[in-house]
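Nothing in this text is a laboratory measurement; each read-out follows from the coordinates by a stated rule. In this text the structure is predicted, and so the values were computed from the model without any measurement. Virtual Cβ from ideal backbone geometry, glycine too; neighbours counted across all protein chains shown.
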Amino acid sequence: MITKYQTGDAALVLPQPMQADEAKEFADFFDTIEAYSLIDENTGAVAAVFGFRLCDEMSAEGFALLSAISIRLLKQLVQFLKIFIRQKMIETNVKILRATVKKNFAGGHKFLYLLGFKHVAVLPNFYDGEDYQLFERRIK
């Protein structure tokens, strides 16, 4: 089930190993942006958090923190986000939504491709000495 983010939800996500460093440092960031939580109805656990922030009048950044979730939850999340992202981009007049993922985090790349993002650049030494990839989703 997708719910409005509650303060502290990001700290409850058991992050995938590839997101563990960022999760420790940036979990509180979700408390400051418009965000939502994916709750596993079977366990009540916060399985993922996601949100975005406007950068300027034409662009925004997307953020997500996911545990190693089941296919059932992943399908639910992707279906919701495909619609949500488009609606939010139209509502806020955002033309470009950007997201970054560690260069060697194949699961993160696949997640963004499922949401309609395209790879646009490599960002050398982007965070903590690691290379990241920049993805964008555009709307006309």
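Miscellaneous remarks
- Whole-Hz ³J(HN,Hα) from phi, Karplus 6.51 cos²θ - 1.76 cosθ + 1.60, for segment 115-120, glycine and proline x: 8, x, 7, 10, 6, 10
- Summary of packing: across the peptides 14-26, 40-52, 119-131, the per-residue average of other C-beta atoms within 10 Å ranks them, highest first, as 40-52, 14-26, 119-131.
- Chain lengthening between residue 139 and residue 61 when straightened (0.36 nm per residue, less Cα-Cα): 26.7 nm
- Annotation: extensible slack from residue 120 through residue 24 equals 31.9 nm (criterion: 0.36 nm per residue apart, minus Cα-Cα distance).
- Taking all pairs of distinct alpha-carbon atoms in the chain, Kirkwood radius in angstrom: 15.3
- Nitroxide proxy distance, nm - points 7 Å out along Cα→Cβ at residue 42 and residue 2: 2.1
- Net charge of Cβ neighbours under 15 Å - reference residue 69; Lys, Arg +1; Asp, Glu -1: 0
- Beta bridges per DSSP with both ends in the chain, % antiparallel, nearest 5: 90
- The calculated FRET efficiency for residue 32 paired with residue 12, based on their beta-carbon distance and R0 = 22 Å, is about 0.85.
- Sequence-separation-based contact order of the chain, relative, with Cα cut under 8 Å and 6+ spacing, percent: 19
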